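Okay, structure first, notes after.
The values are calculated or read from the model by the stated rules, or taken from the named source; none is laboratory data. Just so you know, these numbers come straight off a predicted model, no measurement behind them. No Cβ is skipped: glycine too gets one built from the backbone with ideal geometry, and neighbour counts run over all protein chains shown. To get the accessible areas, we keep the full protein, side chains included, count just its heavy atoms, and leave off ligands, DNA and RNA. Shrake-Rupley method; radii C 1.70, N 1.55, O 1.52, S 1.80 Å.
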Amino acid sequence: MPPELIGRDQVIEEFRDGLANGPGAPERLMRVSGVRGMGKTVMLSEFKRIALVEPKKWTVVSETASPGFSARILEALSRTSHASSMKIQPTAFGVSLGSLEIERASLDLREAMIKATEKNQGLLITLDEVQDASLEETKALAIAVQHIISEDRNIAFVFAGLPSMISEVVNGNTLTFLRRAIPVNLEAIPISEVAFSLADTMRRLGRMTIKDDLVDELAHASAGYPFMVQLVGYQTWQVAFRRLGREAGEVSAADVEKGISEALARFDAMVIEPAVHHVSPSAMRYLLAMAEDQGKASETSEVAARLGMSLNGASPVRAKLIKDGIIEAADRGKVSFTIPYMARYLEHNRQELEQEVY
């Protein structure tokens, strides 16, 4: 969790208002989308923190949408003091459920939520990584939440995931209720806001001062990407703190250079490598062809030509990469990487990657 959230004030205030405005407030049903590293999980954590410090007591259940998440939500609710008397057995979540099983699962969840919201107690459920959820489990949970909201019970539900996957969930024929969720699309933070926040955070929390030109260098190195903002700020502060013998002082140009270098190495390991780890050989070849444009938007026709394919032949690969949130459509007939420094990583590791896919 970062020491402060930059550029997210409006959505935080909307959520806080939703809790204050009581059952039925539109802001109590939200969908948060964004590419990897854009701060979706952090945003859910902030919502959880807000609910837990509310004057009125809230129960918070936070889950990730891996198989069995609905059963885990049910079990968590049954452990709360409000639902301790329940004798509900988790159903066969995580497997292919028929209509009857989905109905039973929804009824179990609904009963648990009713118990958790007795005497107007608040209940917040957050669900992260919706792109990994099965349709059956998502449907069971959505139906239960829909019923509880329709009964004006004190509940809030926020789910988060990659943009394309969120769209699929929301627009599914069986989950039309979720279209009512307020859309929150997390985008890159303006560089000016990053620079101000980095300097202010180092001064207030890190006991460091930094010159304007150096903090601008850090801000540009972050590319406005929230996770990279954390990395460049923290790594630079750590380098300076060690150099100064763990005392307060001024960040130097050498500290900034080393901090950015260390941040990039961690960004590769923590964001880029996991993002491309499971892509198919054909998808990796497409990415390597895009990397030849050194981070600039790539013409889809040129990428196809580099692969020795027709534009139509390369289209399914491009579509899958867009769906997985690794690339995005830019201008007409162009695509670009969604994650900063992706082209740099691919070029740096081109020889090894080509050996794996050719």
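Hey, can you rank 179-192, 128-141 by average C-beta count inside 10 Å, highest first?
Ranked by mean Cβ neighbours within 10 Å, highest first: 128-141, 179-192.
Can you give the angle from 0 to 90° between the axis of helix 281-291 and the longest principal axis of the chain, with both taken from C-alpha atoms, to the nearest 10?
50 degrees
Taking the alpha-carbon centroid of each part, what is the distance from segment 175-193 to segment 104-174 in angstrom?
18 Å
For the chain, give me the percentage of DSSP beta bridges that are antiparallel, rounded to the nearest 5 percent.
Counting DSSP beta bridges with both partners in the chain, the antiparallel share is about 20 percent.
Taking the Cα centre of the chain as the origin and placing charges on Cβ (Lys, Arg +1; Asp, Glu -1), which of Leu231, Asn171, Leu109 is farthest toward the positive end of the dipole?
Of the candidates, Leu109 comes out farthest on the positive side.
Normalised by the number of residues in segment 112-192, what is the relative contact order in percent for Cα pairs under 8 Å and 6+ residues apart?
Dividing the mean separation by the residue count of segment 112-192 yields 34 percent.
Please express the shape of segment 146-269 as an equivalent ellipsoid: the semi-axes are the square roots of 5 times the eigenvalues of the C-alpha gyration tensor, given largest first in whole angstrom.
41, 16, 12
Once the convex hull of the C-alpha atoms of segment 1-68 is built, how many Å³ does it hold per residue, rounded to a whole number?
It is 119 Å³ per residue.
Can you give me the % of accessible surface on the chain that is carbon or sulfur? Probe 1.4 Å, all protein chains present, nothing else counted.
Roughly 49 percent of what the probe reaches on the chain is carbon or sulfur.
Tell me, what is the percent relative contact order of segment 165-290, built from C-alpha pairs under 8 Å that lie six or more residues apart?
Once normalised by length, the contact order is 20 percent.
Once Rh for the chain is found with the Kirkwood sum over Cα pairs, what is the Stokes-Einstein diffusion coefficient at 4 °C and 1.567 mPa s, in µm²/s?
The diffusion coefficient I find is 58 µm²/s.
Would you compute, from DSSP H runs of 4+ residues alone, the mean residue ellipticity of the chain at 222 nm, taking -39500 (n - 2.57) per run and dividing by the full residue count, rounded to the nearest 500?
-16000 deg cm²/dmol
Give the separation of the Cα centroids, segment 251-282 to segment 294-358, in Å.
Answer, in whole Å: 19.
Would you mind getting the accessible area per residue of segment 178-295, heavy atoms of the protein chains only, 1.4 Å probe, in Å²?
So segment 178-295 comes to 49 Å² accessible per residue, rounded to a whole number.
With only Lys, Arg, Asp and Glu charged, each at its Cβ (+1 for the first two, -1 for the last two), find how big the charge dipole of the chain is about the Cα centre; round to the nearest 20 debye.
Approximately 840 debye in magnitude.
Which aspartates and glutamates does Lys40 reach when only Cα atoms under 12 Å apart count, and residues fewer than 8 places away in its own chain are ignored?
Of all the aspartates and glutamates, those that pass the test against Lys40 - Cα under 12 Å, at least 8 places apart if same chain - are Asp128, Glu129, Glu187.
Specify which residue in the list Ile182, Val32, Asn154 is farthest towards the positive end of the charge dipole of the chain, using unit charges on the beta carbon of Lys, Arg (+1) and Asp, Glu (-1), about the Cα centre.
Final value for the positive-end residue is Asn154.
Taking the Cα centre of segment 151-261 as the origin, how large is its charge dipole in debye, to the nearest 20, when only Lys and Arg (+1) and Asp and Glu (-1) carry charge on their Cβ atoms?
Rounded to the nearest 20 debye, it is 380 debye.
How much accessible surface area, in Å² rounded to 10, belongs to the heavy atoms of Glu352 with a 1.4 Å probe?
Roughly 110 Å² of Glu352 is accessible to a 1.4 Å probe.
Taking the solvent-accessible surface of protein heavy atoms with a 1.4 Å probe, what is the per residue accessible area of segment 130-170 in Å²?
Ligands and nucleic acids excluded, the figure is 33 Å² per residue.
Over the chain, what is the relative contact order in percent, taking alpha-carbon pairs closer than 8 angstrom and at least six residues apart?
It comes to 17 percent, rounded to a whole number.
As I understand it, the value is the acute angle between the Cα axis of helix 226-243 and the longest principal axis of the Cα atoms of the chain; what does it come to in degrees, rounded to 10?
Long axis of 226-243 versus the principal axis of the chain: about 60 degrees.
Quick one: which residues, 5 or more positions from Ile155 or on another chain, have an amide H under 5 Å from its amide H? H modelled 1.01 Å from N in the peptide plane, none for Pro or chain starts.
When sequence neighbours closer than 5 places are left aside, the close amide H contacts are Gly24, Leu123.
Once you sort the root eigenvalues of the Cα gyration tensor of segment 257-323 as a ≥ b ≥ c, which label holds: rounded (a/c under 1.5), prolate (a/b larger than b/c) or oblate (the other case)?
prolate
Net charge within 12 Å of Val357 by Cβ-Cβ distance, Lys/Arg positive one each and Asp/Glu negative one each, not counting Val357 itself?
Once all neighbours under 12 Å are counted, the net charge is -1.
Put +1 on the Cβ of every Lys and Arg and -1 on every Asp and Glu Cβ in segment 208-358; which of Ile260, Ala297, Gly333 then has its Cα farthest towards the positive end of the dipole?
Gly333
Arg242 accessible area, nearest 10 Å², 1.4 Å probe?
Per-residue accessible area (Arg242): approximately 120 Å².
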